[in-house]
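Inspection log for the structure reproduced underneath, given as structure tokens.
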Amino acid sequence: MLSDVLNPDLFASAIRVATPLALAAIGGTICERSGVVNIALEGMMLVGAFFGTAATLALQGTSIGPLAAVWIGLATAVATGALFSLIHAFASIDLRMEQVVSGTALNILALGLTGFLMESFYGHPGSTDAVRETLPQVFNFPVAAAGSGLLGTVWTWINTLLFSHSPIAYMAIAIAVIGQWALYRTRWGVRLRALGEHPRAADTVGINVRRGRYAAVVISGALAGLAGANLALEQVGTFTENMTNGRGFIALAANIFGRWTPVGSYLASLLFGFTDALQIKLQLVSSAIKVPPQFFLMLPYVLTVVVLAGVMGRAVAPAAVGKPYEKE
Amino acid sequence: MPLLEVREITKVFPGVLANDKVSMTLDAGEIVALLGENGAGKSTLMNVVYGLLSPDGGEVLIEGKPANIHNPRQAIDLGIGMVHQHFMLVEPLTVTENIVLGREPVKYGQVIDLAFARRAVLELSGRYGLKVDPDARVMDLSVGMQQRVEILKALYQGARILILDEPTAVLTPAEVRELFGVVRSLVDEGLAVALITHKLEEVLAIADRVLVMRDGRLVGETRPADTDQAGLARMMVGRDVVLRVARTPGSPGEVVLSVDDLEVDDDRRLPAVKGVSLNVRAGEVVALAGVDGNGQREIVEAITGLRRPKAGSITLRGKDITRATPRQTIAAGVSHVPEDRHRRGLVLEFDIAENMVLGDHRKAPYAHGGIVSTKAVADTARKRVADFDVRTPSIHVLAGALSGGNQQKVVVARELGRDPDLLIAAQPTRGLDVGAIEFVHEQILAERDRGKAVLLVSLELEEVLSIADRILVIYEGLIVHEVLAEEATDEMLGYYMTGGGGSKLSAPVEKGGS
């Protein structure tokens, strides 16, 4: 029974679950490092997922074929996430609105907008049709390449863990690593950190605070859109109303747990992903060990609370986060 | 031709004429002090030069050419650098990152050339004797070090004109001497320095020329050789000022506050106070002198109930208040003028009347059965505003709209109005000008003469020497020296404050070291 739970698939599915969380969390990191709170990640993901799916469904019947359609769907998801985030950027940077209010409004708007468009595009609520092709697995090594025996087991683990994923899962890892490097080693990164800590200091040395913050919010929207594409076009293959189901908020927690760094955000997402994957596996065996499945269902959320309670005191947020910048 | 010329600059804020046709010049190789009380318009003028404010009239010329400066970037490009009173440093970034920020050397278009940046920083720091660790994070540096980083930042950006806004407000005596040495070497290299200050002795010590401002106007120009402190003070305030309040020796009575073997941790849970014992008697002012960050804050917070001590005891007139809450502490007869009037002393969004009774607002006559009596509050506020000479058009002006001196008067009025047994005054004159300092000092001494116990926390030696009866020097969480005020000198206190007396933790530092 242990092998029903502790198998390569558990870890591979942890990575799969972690991917959308990590992308949104890194988006949150970049946004908050610039000094803008982004609790609209949830809504940006949802909008990205919807338009990504809608574009794919519209194009897959045309001459470009279903595979090209799903790639265009991915690009559409990223673009709509970025576009949608402009509302948040405008409200919080130019209108100096309370950023939590703007983010909340955006989340509600995303839920209503996607539900409404669902009805008007497809004539029914719930889920869209499935796209004909989801984003394909990147590597396709034969499972039995190393035969059975110890070597075979090792290969199964490696293959499942590292080579069983679709493109966005690999993109997320690359974005985490490159993002980390860029945050600390590039001009963009140093200026971004300065914006979120002390925008006036940045302003006095001639850095354009408004432009820097706009860019950061839009990047976070694009990453959230990519997370939405991962959910709809890679993992599920359809769009379902409210399919993000709180992931944007867990991503926000992952960003904090990861101490406002891209790699930290990824690793924190991986921890959340792992508990979620574990919870699914444990549900399968819950009748055998006489624990109600709801108990396992609860675990990822309990972990979120515990982790944030334990970490919040020590993790230091960017000093100027949530504060609109006003020139004197 | 002067390096910088300001012609008839006028700047109007809503209701205030901050600069009224002010003209001045600044030459390469000279230090000009801009002297004036808070609100005289010194900082406004320099903020105009630096492009942070746009003037309503007049012009700025650099080397005789009219300069259209609309933002700091343009000022920097013209060779103007400014070290602000509140540092413009990004704390989590390294020294090097802060210095090059905005003008980062890059390779491949975006990647910061850190090796090049480090070399540039070290080269500058060597040339002007401004030693810094280029890889340290700014948040880990002392205030004096952070100021060096600010100066290096301006130099890295190519400043030929350096504006220093109240640079000594946060420094220890040793750091001030060091800063003045640096400033002297900068002007020897051909830079021009404008120094904004309201401290008379500094002006006399460092300036080549002094411009005195009052109420937005330039009211005089002089040279240190032609004047003295009293002369400068008269120009600045417009009347004769008592620089050291007259006082009679105190007549200490019974012990009011007694602290025994107190140990307190700081925010990072590191020991900040490591076994301090002290007592303050009725009718005496005891000064706790020390450089910022040596445990004074934690002692004050422990006494006032804002922080829980780890060990030791605190008694007030024999009553144990070691673990008392702030409310119980106030009830026991402790008043507290906190060091940060914005964060702790006042609610800036409340009006003066509300701030005047804060802490007593729940008791009669200010409230009955949980309902505030606005009339009683207003009556008290009006009386206190009059008694303490708070300059305000109305008691319903928000505290945040007052000048620093008037804000401090509100805090002092409230805390003294409570008629406490013990007054704790932490940096009570920080950021105040001579007129207001004089007033606060008089109030504290009057309190003493009424038989109250006063614990003064200060890093200003002037202040400590002029109003304390007894001085305790604190260093690294320990009292390292105790002396009667009449036997103390600047040099002696400075020596002990910077570790000269040694402590249980660190080896003694050579005299004059920092």
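The values are calculated or read from the model by the stated rules, or taken from the named source; none is laboratory data. All of these numbers come straight from a predicted model, not from anything done at the bench. FYI the Cβ positions are ideal-geometry reconstructions off the backbone, even for glycines, and counts take in every protein chain you see. All accessible areas refer to the heavy atoms of the entire protein, side chains included, with ligands and DNA or RNA removed. Shrake-Rupley method; radii C 1.70, N 1.55, O 1.52, S 1.80 Å.
Of the conditions (1) open to solvent by less than 30 Å² (accessible area, probe 1.4 Å); (2) in contact (Cβ under 8 Å) with a residue 60 or more places away in the chain, B:T380 satisfies every one except a single condition; which number is it?
(2)
Specify which of the listed residues (B:V143, B:V90, B:V100, B:V111) is within 9 Å of chain A (Cβ to nearest Cβ), surrounded by fewer than 18 Cβ atoms within 10 Å (Cβ to Cβ) and of a type in the set (V, I, T).
Residue meeting the stated conditions: B:V111.
Taking A:A229 as meeting all but one of (1) away from chain B (no Cβ under 14 Å); (2) more than 16 Å from the chain's Cα centre (by Cα); (3) of a type in the set (G, A, S), write down the number of the exception.
(2)
Report the residue count in the stretch B:194-218 for those that are among the basic types (K, R) and under 16 Å from the mean Cα position of the chain (by Cα).
Result for the stretch B:194-218: 1.
Assess whether B:E30 counts as being touching a Ser or Thr at 6+ places or on another chain (Cβ under 9 Å) and of a type in the set (D, E, K, R).
Criteria not met by B:E30.
Surrounded by fewer than 24 Cβ atoms within 10 Å (Cβ to Cβ) and either without any contact (Cβ under 8 Å) to a residue 60 or more places away in the chain or more than 14 Å from chain B (Cβ to nearest Cβ) (or both): which single residue out of A:F249, A:F239 fits that description?
A:F249
If B:F116 meets every condition in (1) among the aromatic types (F, W, Y); (2) in contact with an Asp or Glu (Cβ under 8 Å, 6 or more places away or on another chain); (3) open to solvent by 50 Å² or more (accessible area, probe 1.4 Å) apart from one, which number is that one?
Single failed check for B:F116: (2).
Is there any pair with a first residue in the stretch B:296-309 that is touching a residue at least 12 places away in the same chain (Cβ under 8 Å) and a second that is among the acidic types (D, E) and assigned to a helix (DSSP H, G or I) whose Cβ atoms are under 6 Å apart and which are 6 or more apart or on different chains, and what are they?
Between residues of the stretch B:296-309 that are touching a residue at least 12 places away in the same chain (Cβ under 8 Å) and residues that are among the acidic types (D, E) and assigned to a helix (DSSP H, G or I), the close pairs are B:R307/B:E301.
If we only count helices (runs of 4 or more DSSP H) wholly inside the stretch B:1-113, which ones have 3 or more residues that are over 26 Å from B:L232 (Cβ atoms) and at pLDDT 90 or above?
Output list reads B:72-77, B:95-100.
Pull up the stretch B:248-273, narrow it to residues that are assigned to a loop (DSSP other than H, G, I, E, B) and buried (at least 18 other Cβ atoms within 10 Å of the Cβ), then point me to the one that is modelled with the highest pLDDT.
B:P252
Quickly run through the stretch A:179-190 and pick out the residues that are surrounded by fewer than 22 Cβ atoms within 10 Å (Cβ to Cβ) and at the interface with chain B (Cβ under 7 Å from one of its Cβ atoms).
A:R185, A:T186, A:R187, A:W188
Which of the residues that make up the stretch B:160-185 are open to solvent by 10 Å² or more (accessible area, probe 1.4 Å) and either farther than 26 Å from B:S458 by Cβ or small (G, A, S) (or both)?
B:R160, B:A169, B:A174, B:G181, B:R184, B:S185
Can you tell me which residue within the stretch B:439-469, out of those that are open to solvent by 30 Å² or more (accessible area, probe 1.4 Å) and more than 12 Å from B:L416 (Cα to Cα), is farthest from the chain's Cα centre (by Cα)?
B:G451
Those residues that are away from every other protein chain (no Cβ under 14 Å) and open to solvent by 50 Å² or more (accessible area, probe 1.4 Å), I need them from the stretch A:162-178; list them, please.
Those that are away from every other protein chain (no Cβ under 14 Å) and open to solvent by 50 Å² or more (accessible area, probe 1.4 Å): A:L162, A:F163, A:Y170, A:M171, A:I173, A:V177.
Could you please let me know if B:S394 is open to solvent by 10 Å² or more (accessible area, probe 1.4 Å), more than 15 Å from the chain's Cα centre (by Cα) and among the hydroxyl-bearing types (S, T, Y)?
Yes: the conditions hold for B:S394.
Only one of A:R213, A:R259 is open to solvent by 30 Å² or more (accessible area, probe 1.4 Å) and either in contact with a strand residue (DSSP E or B) (Cβ under 8 Å, 6 or more places away or on another chain) or touching a residue at least 40 places away in the same chain (Cβ under 8 Å) (or both). Can you tell me which?
Testing whether each residue is open to solvent by 30 Å² or more (accessible area, probe 1.4 Å) and either in contact with a strand residue (DSSP E or B) (Cβ under 8 Å, 6 or more places away or on another chain) or touching a residue at least 40 places away in the same chain (Cβ under 8 Å) (or both) leaves just A:R259.
For the stretch B:26-49, check the following and say yes or no: at least one residue is within 14 Å of chain A (Cβ to nearest Cβ) and more than 29 Å from the chain's Cα centre (by Cα).
No; the residues of the stretch B:26-49 include none that is within 14 Å of chain A (Cβ to nearest Cβ) and more than 29 Å from the chain's Cα centre (by Cα).
May I ask you to say which residue of B:L505, B:L455, B:L478, B:L459 is touching a Gly at 6+ places or on another chain (Cβ under 9 Å), within 11 Å of B:A287 (Cβ to Cβ) and either modelled with pLDDT under 85 or not assigned by TED's automatic domain parsing to the domain that holds B:L179 (or both)?
Among B:L505, B:L455, B:L478, B:L459, only B:L459 is touching a Gly at 6+ places or on another chain (Cβ under 9 Å), within 11 Å of B:A287 (Cβ to Cβ) and either modelled with pLDDT under 85 or not assigned by TED's automatic domain parsing to the domain that holds B:L179 (or both).
Any chance you could count how many residues in the stretch A:115-160 are in contact with a helix residue (DSSP H, G or I) (Cβ under 7 Å, 6 or more places away or on another chain), outside any helix (DSSP H, G or I) and among the polar types (S, T, N, Q)?
Residues flagged as in contact with a helix residue (DSSP H, G or I) (Cβ under 7 Å, 6 or more places away or on another chain), outside any helix (DSSP H, G or I) and among the polar types (S, T, N, Q) within the stretch A:115-160 amount to 2.
Quick check on B:V149: is it within 14 Å of chain A (Cβ to nearest Cβ), in a helix (DSSP H, G or I) and either among the acidic types (D, E) or surrounded by 16 or more Cβ atoms within 10 Å (Cβ to Cβ) (or both)?
So B:V149 passes the test.
Of the conditions (1) within 11 Å of another protein chain (Cβ to nearest Cβ); (2) surrounded by fewer than 19 Cβ atoms within 10 Å (Cβ to Cβ); (3) in a helix (DSSP H, G or I), A:G196 clears all except one; give me its number.
(2)
Among the residues of the stretch A:278-292, is any on the phi > 0 side of the Ramachandran plot, away from chain B (no Cβ under 14 Å) and part of a loop (DSSP other than H, G, I, E, B)?
Looking through the stretch A:278-292, at least one residue is on the phi > 0 side of the Ramachandran plot, away from chain B (no Cβ under 14 Å) and part of a loop (DSSP other than H, G, I, E, B).
Restricting attention to the stretch B:335-353, does a residue exist that is over 28 Å from B:L459 (Cβ atoms) and either basic (K, R) or in a helix (DSSP H, G or I) (or both)?
Yes.
Confirm whether B:A311 is farther than 25 Å from B:A378 by Cα, surrounded by 22 or more Cβ atoms within 10 Å (Cβ to Cβ) and in the same structural domain as B:A453 (by TED's automatic domain parsing).
The answer is no for B:A311.
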